[in-house]
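Q: My questions will all concern the structure given below.
Just so it is clear, none of the values below were taken in a lab; they were calculated from the coordinates. A quick note: this is a predicted structure, and the numbers were derived from the prediction, not measured. Backbone-built Cβ (ideal geometry, glycine too); neighbour counts: all protein chains shown.
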Amino acid sequence: MGIIIKNTTVMTVDKDNRILENTNVYIEGNKIVHIGSEYEGFVMDTTIDGKYKLVMPGLINAHTHLGMSLFRNYADDMPLFDWLSKKIWPLEAKLNRKDIYWGSLLSMAEMIETGTTAFCDMYFLMEEVANGMAESGMRGVLTRGIIEEKNDPDKKLNESINLFRDYNNGLNGKIKVMLAPHAIYTNSPDFLRRISNLAKELDIGLHIHLSETKKEVEDSYNQYGKSPIKLSEELGLFENHTLAAHCVHIDDEDIKILLDNNVYPINNPGSNLKLASGFSPVDKMLKKGVKVSLGTDGASSNNNLNMFKEMNLAALINKAINLDALSVSARDAINMATINGAYALNWEDEIGSIEVGKKADLILVDISGSNYYPRHNIESQIAYSSNGKDVNTVIIDGEIIYKNKEFIKLDIERVKHMADLQIRDLIQR
C-alpha cells in the first residue's frame, strides 16, 4: 500500500531536529521511503492532504497499566499506599479476562486519538492486551507484572515465559515482550536475581518501578542500607536492558548508576503530581546524558492517557522546581515523548523519528486552530500550546488507523459501552 502525505510540515526529531515546510512524506508498506518532492516510481493508493497539518513521530507511552482504565475516577485524592491497598488491589483481585480486554482496548482508543502509537504496558492477563492490539492496530511492549508469591513463586515467571514464547515479535513485529518485576518492595532480592537471570536467558529487557516514593526509598535504606537503584544494580538487574519507571527520589549517585548502566528512566509527571509522589530530577538526568522518556502511568492514577499533557507537564514542572526557565526545553519534552521512548522500548532503529527506512508510525496534528497562531516556533507550539485532541490522523506500521478524527479499525462506541459494563459488573462481584 502506498500512502502520500502531501504539502505538509514535518518535525523529524532525528539527529538534525529538522522542521521541513511544504514537503511530502511517502509511505510504502510499513516504512517511510521518501521525504521531499516527487518520488519517481512511487505507486500511490492513498493521498492525505497535509495542509495545515504537522507530521511528527507517533508518541510513545513508555510506562502505563492499560487495564486500569476501568478504575478511572474510582479512587482519587488518596496517598499511594492507601490507594493501592484499600482501593485498587481488592478490585484487581477480582479482574477477569473480559475486564482486561475491554479496559485495555479503551486505553488504546484514548491513546490513539491523542497521538500515541506505541506503549509499554505492565499488568496481567497480557494475552488480552495482545488481542486488543490486534483489533486496535497499536504497537507495544507487553510485560506481565510480577509480584512474588511465597506459596507459588514460579507461577508468574511461567506466565511471563509463556507470554514471551507465544507473543514476542507477534503482529508482524509490533509486539515485544519483557519481564516486569513490579518493584523491590514486592519481590525479595533472591527472586529479583532469578528474574534478572531469566531475562538474560531469554535475551529480553526488564520493566520495573524504582524510587517512586519517599517511603520506598526510606524503607530500602532501612532494610538494605542502600537506595532501590543501588540495590537493583547489585542484584544484576541492570545487566539487562532496563526501563525504570518513575525514578523520583534519586540522588547523584543513583543518576550515575543509571547513566553507567544505560538504564532508561521513565518520567510520569501527571501521576507523580496526583499521588503526591514528588518531582523527578529530569533536567539533571538529561544534562548528564541519561535518556529520560515519558509515560502516563495508568488511567487510575493519572485519569487520562494523553501524552501531549505529559509533554507539557514535563517542561513546565521542571522549570518551576529548578527555578530555571531553561530547564527541560520544548525540544527536550518532545524528545522524551518520541525518540527517547523508542530507546526505552529498544525500538530506536525502527520508530521514534521521521526518517527514511524507519517504520511509518506517525501522526498528523491539526495546527489550524487559534492556539497555533501566530506561527513563531513549532516545537513550542507542540510542547506548550497543543492538545491531544488536535491529533487528526494516526498511522501505525504503515496502516491508517485513525483519520480525520475518526477510528478506522475500532468501533469506539462499543468499546466505551463494554468498558462501562465491565467496571459496573466488577464492582458488584
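Q: With a bin width of 5 angstrom, please list the P(r) values of the range 145-258 as percents of all Cα-Cα pairs, from the 0 bin to the one holding the largest distance.
A: Per 5 Å bin, starting at 0, the Cα pair percentages come out as 2, 12, 23, 23, 18, 12, 7, 3, 1, 0.
Q: I've got another one for you. Provide, for q = 0.07 Å⁻¹, the log10 of I(q)/I(0) from a solvent-free Debye sum over equal Cα point scatterers in the chain.
A: -0.31
Q: Turning to a different aspect of this structure: With +1 assigned to the C-beta of every Lys and Arg and -1 to the C-beta of every Asp and Glu, and no other charges, what is the dipole magnitude of the chain about the Cα centre in debye, to the nearest 20?
A: Roughly 520 debye for the chain.
Q: Which value, in debye to the nearest 20, gives the size of the charge dipole of the range 234-283 about its Cα centre, when Lys and Arg are +1 and Asp and Glu are -1 at the Cβ?
A: 360 debye
Q: Could you work out the relative contact order of the chain? I mean the mean sequence separation of Cα pairs under 8 Å and 6+ apart, divided by the number of residues, in percent.
A: 21 percent
Q: Then there's this: Can you figure out the FRET efficiency of R193 with K51, using R₀ = 41 Å and their beta-carbon distance, to the nearest 0.05?
A: Efficiency computed from Cβ-Cβ geometry: 0.15.
Q: Related question: Would you mind counting up the charge near K156? Only other residues with Cβ under 9 Å from its Cβ, with Lys and Arg at +1 and Asp and Glu at -1.
A: Its environment carries a net charge of -3.
Q: Ordered by residue, what ³J(HN,Hα) values in Hz, to whole numbers, does the range 12-23 give under the Karplus form 6.51 cos²θ - 1.76 cosθ + 1.60, where θ = phi - 60° and Gly and Pro are x?
A: For the range 12-23, the Karplus-derived couplings read 6, 6, 8, 5, 9, 6, 8, 10, 9, 9, 6, 10 Hz, x marking Gly and Pro.
Q: Restricting to the chain, what percent of DSSP beta bridges are antiparallel, rounded to 5?
A: Counting DSSP beta bridges with both partners in the chain, the antiparallel share is about 45 percent.
Q: Give me the tail of P(r) for the range 170-227 as a percent: Cα-Cα pairs with distance above 16 Å.
A: 52 percent
Q: Please report the base-10 log of the normalised intensity I(q)/I(0) for the range 213-283, using a Debye sum with one equal scatterer per alpha carbon and no solvent, at each q in 0.23, 0.26, 0.27 (1/Å).
A: Here log10 of I(q) over I(0) equals -1.08, -1.28, -1.33.
Q: For a 24 Å ceiling on Cα separation, which of these pairs sit above it: K174/K230; K98/K358; K51/K319; K156/K359; K53/K389; K256/K309?
A: K174/K230; K98/K358; K51/K319; K156/K359; K256/K309
Q: So how far, in whole Å, is the C-alpha centre of the range 94-142 from the one of the range 1-45?
A: 29 Å
Q: How charged is the neighbourhood of A134? Take every other residue with its Cβ under 10 Å from the Cβ of A134, and add Lys/Arg as +1 and Asp/Glu as -1.
A: Summing Lys/Arg as +1 and Asp/Glu as -1 gives +1.
Q: Each residue of the range 55-64 in turn: what ³J(HN,Hα) in whole Hz from Karplus with 6.51, -1.76, 1.60 and θ = phi - 60°, glycine and Pro shown as x?
A: After applying 6.51 cos²θ - 1.76 cosθ + 1.60, I find 8, 9, x, x, 6, 10, 8, 7, 7, 7 Hz.
Q: When the dipole is taken about the Cα centre of the range 145-304, and only Lys, Arg (+1) and Asp, Glu (-1) are charged at their Cβ, what size is it in debye, to the nearest 20?
A: 420 debye
Q: Which residue, chosen from L345, M285, N303, occupies the Cα position most advanced towards the positive end of the dipole of the range 284-366, where the dipole is computed from +1 (Lys, Arg) and -1 (Asp, Glu) charges on Cβ about the Cα centre?
A: Positive-end residue among those listed: M285.
Q: For the pair N404 and D154, how long in nm is the line joining their label points, each one 7 Å along Cα→Cβ?
A: 5.7 nm
Q: What share of Cα pairs, in percent, lie more than 26 angstrom apart in the range 278-429?
A: Of all Cα-Cα distances in the range 278-429, 37 percent exceed 26 Å.
Q: Here's a follow-up. When you count, for each residue, the other Cβ atoms within 10 Å and take the mean per peptide, how do 307-320, 182-195 rank with the highest first?
A: Most protected by this proxy first, the peptides run 307-320, 182-195.
Q: Give the distance, in whole Å, between the Cα centre of the range 60-79 and the Cα centre of the range 302-327.
A: Going from one Cα centre to the other spans 19 Å.
Q: In percent, what relative contact order does the range 235-287 have, based on Cα pairs under 8 Å that are 6 or more apart in sequence?
A: Value for the range 235-287: 41 percent.
Q: Amide H neighbours of I367 under 5 Å, counting only residues 5+ apart in sequence or on other chains, H built in-plane at 1.01 Å?
A: K53, L54
Q: Still on this model: Please give the residues of the range 89-121, grouped as numeric ranges, whose backbone N is less than 19 Å from a label point set 7 Å along the Cα-to-Cβ vector of D420.
A: Correct set: 99-111.
Q: Taking a point 7 angstrom from the Cα of D411 along the C-beta vector, which residues in the range 79-108 have backbone N less than 18 Å away?
A: Correct set: 98-99, 101-108.
Q: So, counting K/R as plus one and D/E as minus one, what does the shell of residues with Cβ under 14 Å around I401 add up to?
A: Combined, the nearby Lys, Arg, Asp and Glu give -2.
Q: Hey, rough spin-label estimate for W89 and L171, points 7 angstrom out along Cα→Cβ, what's it come to in nanometres?
A: For W89 paired with L171, the spin-label model returns 3.1 nm.
Q: Also: Ranked highest first by the average count of other Cβ atoms within 10 Å around their residues, in what order do 237-248, 1-12 fall?
A: Packing proxy ranking, top to bottom: 237-248, 1-12.
Q: Okay, next question. Any idea which of A245, T143, F119 is furthest toward the positive side of the dipole for the range 59-344, if Lys and Arg beta-carbons carry +1 and Asp and Glu beta-carbons -1?
A: About the Cα centre, the residue reaching furthest to the positive side is F119.
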